[in-house]
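Taking it in order: structure first as structure tokens, then the write-up.
Every number here is computed from the coordinates shown, using simple stated rules; none is lab data. Just so you know, these numbers come straight off a predicted model, no measurement behind them.
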Amino acid sequence: MKMSESNIKQQLHEACLEFIDNRFQAVKKTINEIQESLLSETKSSAGDKHETGRAMIQIEREKAGNQLAEIEKTKQILSKINTQHSQ
């Protein structure tokens, strides 16, 4: 029975790692898209509308950066989990 519990723990741990990796990739893609938006916003407009657009893009980039930080924290926690021993 301990082998089964350990196997389930390991499968669950791997599923968590896969989920967090997928989330990381999605947020990185979002950051790249935000960066492209920021560059195109710089090229395409001027004045108050331009400043508002840039500010909104900056806010989105900050949110994505915060998400990356949370993902990194979760990865660190997951790396400390020992799936070999039942507790």
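One decimal place: the segment Q58-N32 gains 8.1 nm when fully extended, by the rule 0.36 nm per residue minus the C-alpha distance. Straight-line reach from K28: taking Cα to Cα under 17 Å and skipping same-chain neighbours fewer than 8 places apart, the aspartates and glutamates in range are E18, E36, E60, E62, E70, E72.
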